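The values are calculated or read from the model by the stated rules, or taken from the named source; none is laboratory data. On a predicted model such as this, the values are computed, not experimentally measured, just so you know. Here the Cβ positions follow ideal geometry from the backbone for every residue, glycine too, while neighbour counts run over all protein chains shown. Note: areas computed on protein heavy atoms with side chains; ligands, DNA, RNA excluded. Shrake-Rupley method; radii C 1.70, N 1.55, O 1.52, S 1.80 Å.
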Number of protein chains: 2
Amino acid sequence: MIVGLGPGPAKWMTPEAGATIEAASDVVGYGPYIERLALRSDQRAHASDNRLERDRARLALTLAAEGRTVAVVSGGDPGVFAMAAAVFEAIEENPQWLKLDVAVSPGVSAMQAAAARLGAPLGHDFCAISLSDNLKPWGVIERRLEAAADGDFVIALYNPASRARPTGIVEAFDLLRRRKAGATPVAFARAVGRSDEKLTLTTLDEADASLADMATLIVVGSSETRFIAREGARPWMVTPRSYGARR
Amino acid sequence: MIVGLGPGPAKWMTPEAGATIEAASDVVGYGPYIERLALRSDQRAHASDNRLERDRARLALTLAAEGRTVAVVSGGDPGVFAMAAAVFEAIEENPQWLKLDVAVSPGVSAMQAAAARLGAPLGHDFCAISLSDNLKPWGVIERRLEAAADGDFVIALYNPASRARPTGIVEAFDLLRRRKAGATPVAFARAVGRSDEKLTLTTLDEADASLADMATLIVVGSSETRFIAREGARPWMVTPRSYGARR
């Protein structure tokens, strides 16, 4: 089972994820995700580095083929820039693995936790784009950012501080500034739901790329997205369901 | 609190959603969502028709302003084509409402449940587009479908059978066929996680728009999305994390 732990706190982890981990003989995943879990002494933990997704997938499939009951854990939703794709890519390498009983358990992804804290920035059509170019050419990312701007989507940016390309987010903001209004609302949502959570609201013109680290999810609004000011509290960031009502 | 119940089964509802409903004096929402809940006799249910989102939001805010503890319930994630945007739009109508203690509790959205069942179709950059034109001009939807095709995103289509525009999905497929390969994998995921779940895998050329009803989520692949055949079981639908590896 490929399982999503959600953004961090137990209140956002599904009952299915909890039950799956409980039932597993082996838990495979990135170290910090495994550390979140209270595994029993009879359960085996297989922690690994964040970038070794394919190796982790192969290990999980090898263990499952040996008859072990394996939980592959991801933060957020395993289907959104996480382990599910890595496991299915690996499955094709070995005809025996295709016969395994594999299932995916969905979870709350980082953009959803960020959106919940911010108000309703994803209230209308949106795109999710990973800025990591470990596995795709930067040109593909540029093409998608352009298309997302041309379609006036709200844009959720994952992995804005890729170790392989730390300047990616700077280039992404430059590209978006050429195509979108400078006053477009932008939010940096860091570690939402965890003790070091930090939210920063700004605009595309003012957005400071250096605020983004590996734990940050960035939301860039559509032409309809707006801040709703409140007394003594952070403004809400909202994308209305209607389009063009103000024109 | 604006709460997401997830796609249907209790195993996909967050602990926070359950606790919020437990603590509520009043639960406001679309009838079928309220019917899922086992409310106590001291809790008041306010069920309404699906299309009256703004009225429902106003009722919830009025009750909260009276000092009631209100849970506004949505299927899926309230931030994704659901009640959160409606509540924040309504909040602007009354300065008193802006002072209320409002929060959003995220949930698993329909596309994530569909993706989990299908394999990993959202394994790379994707867009979510609602085909309902109740609140936005059809031209905006066309522009976004074109952009999503131009950016080679995986596309999750919500509300493919809007009562107001039942031919929308036919037009959407026609548009996508002009811009994407006919062999692009397509999935119709109906009522995922519920007793009447139905999954249909096909291609863009073969996709039958009449399979889509109000409970259907459609996933249209990118140029990288593929089916992985299995013996005696439905193929997996996977979008690999790498891009262009096969070219």
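Checked against (1) within 14 Å of another protein chain (Cβ to nearest Cβ); (2) small (Gly, Ala, Ser); (3) surrounded by fewer than 23 Cβ atoms within 10 Å (Cβ to Cβ), A:Ala215 passes all but a single condition, namely (1). In this structure, does B:Arg178 turn out to be without any contact (Cβ under 8 Å) to a residue 12 or more places away in the chain, more than 18 Å from B:Ser130 (Cβ to Cβ) and either more than 14 Å from chain A (Cβ to nearest Cβ) or in contact with a Cys (Cβ under 9 Å, 6 or more places away or on another chain) (or both)? The answer is yes for B:Arg178. Of all the residues in region A:85-97, those that are more than 8 Å from chain B (Cβ to nearest Cβ) and part of a helix (DSSP H, G or I) number 2. Note on region A:139-179: residues that are under 22 Å from A:Gly119 (Cβ atoms) and among the charged types (D, E, K, R) total 1.
Close Cβ contacts (under 9 Å, 6 or more residues apart or on different chains) running from residues in region B:198-226 that are free of Cβ contacts under 8 Å to residues at least 40 places away in the same chain and farther than 8 Å from B:Val186 by Cβ to residues that are open to solvent by 20 Å² or more (accessible area, probe 1.4 Å) and among the basic types (Lys, Arg) comprise B:Lys198/B:Arg190; B:Thr200/B:Arg190; B:Asp205/B:Arg177; B:Leu211/B:Arg190; B:Leu211/B:Lys198; B:Ala215/B:Arg190; B:Ala215/B:Arg194.
Being in contact with a His (Cβ under 9 Å, 6 or more places away or on another chain) and either within 24 Å of A:Gly244 (Cβ to Cβ) or open to solvent by less than 10 Å² (accessible area, probe 1.4 Å) (or both) narrows it down to one residue among B:Arg165, B:Arg56; which is it?
Exactly one of B:Arg165, B:Arg56 is in contact with a His (Cβ under 9 Å, 6 or more places away or on another chain) and either within 24 Å of A:Gly244 (Cβ to Cβ) or open to solvent by less than 10 Å² (accessible area, probe 1.4 Å) (or both), namely B:Arg56.
Go through region B:98-116 and count every residue that is of a type outside the set (Gly, Ala, Ser), more than 7 Å from chain A (Cβ to nearest Cβ) and buried (at least 20 other Cβ atoms within 10 Å of the Cβ). So the answer is 2.
For region B:16-49, residues that are within 13 Å of chain A (Cβ to nearest Cβ) and either charged (D, E, K, R) or surrounded by fewer than 16 Cβ atoms within 10 Å (Cβ to Cβ) (or both) total 4.
Residue-by-condition table, conditions (1) within 30 Å of B:Val3 (Cα to Cα); (2) of a type outside the set (D, E, K, R); (3) open to solvent by 10 Å² or more (accessible area, probe 1.4 Å):
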| residue | (1), (2), (3) |
| --- | --- |
| A:Ala120 | yes, yes, no |
| A:Ala128 | yes, yes, no |
| A:Asn134 | no, yes, yes |
| A:Gly139 | no, yes, yes |
| A:Gly151 | yes, yes, no |
| A:Leu157 | yes, yes, no |
| A:Asp174 | no, no, yes |
| A:Gly182 | no, yes, yes |
| A:Arg190 | yes, no, yes |
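A:Ala229 meets each of the listed conditions (1) surrounded by fewer than 23 Cβ atoms within 10 Å (Cβ to Cβ); (2) under 20 Å from B:Ala85 (Cβ atoms); (3) in contact (Cβ under 8 Å) with a residue 40 or more places away in the chain apart from (3). For region A:68-82, check the following and say yes or no: at least one residue is surrounded by fewer than 20 Cβ atoms within 10 Å (Cβ to Cβ) and within 13 Å of chain B (Cβ to nearest Cβ). Checking region A:68-82: not a single residue is surrounded by fewer than 20 Cβ atoms within 10 Å (Cβ to Cβ) and within 13 Å of chain B (Cβ to nearest Cβ).
Taken together, the residues in region B:17-73 that are part of a helix (DSSP H, G or I) and hydrophobic (A, V, I, L, M, F, W, C) amount to 12.
Using the structure shown, decide if A:Pro235 is over 20 Å from A:Ile129 (Cβ atoms) and part of a loop (DSSP other than H, G, I, E, B). Criteria not met by A:Pro235.
Against the condition open to solvent by less than 60 Å² (accessible area, probe 1.4 Å), over 30 Å from B:Leu52 (Cβ atoms) and part of a loop (DSSP other than H, G, I, E, B), how does A:Gly244 come out, does it pass?
On the way: open to solvent by less than 60 Å² (accessible area, probe 1.4 Å): yes; over 30 Å from B:Leu52 (Cβ atoms): no; part of a loop (DSSP other than H, G, I, E, B): yes.
No; evaluated as a whole, the condition is false for this residue.
Taking every residue in region A:133-144 that is within 12 Å of B:Asp152 (Cα to Cα) and pairing it with any residue that is of a type in the set (S, T, N, Q) and open to solvent by 20 Å² or more (accessible area, probe 1.4 Å), at least 6 positions away or on another chain, the pairs with Cβ-Cβ distances below 9 Å are A:Ile141/A:Ser132.
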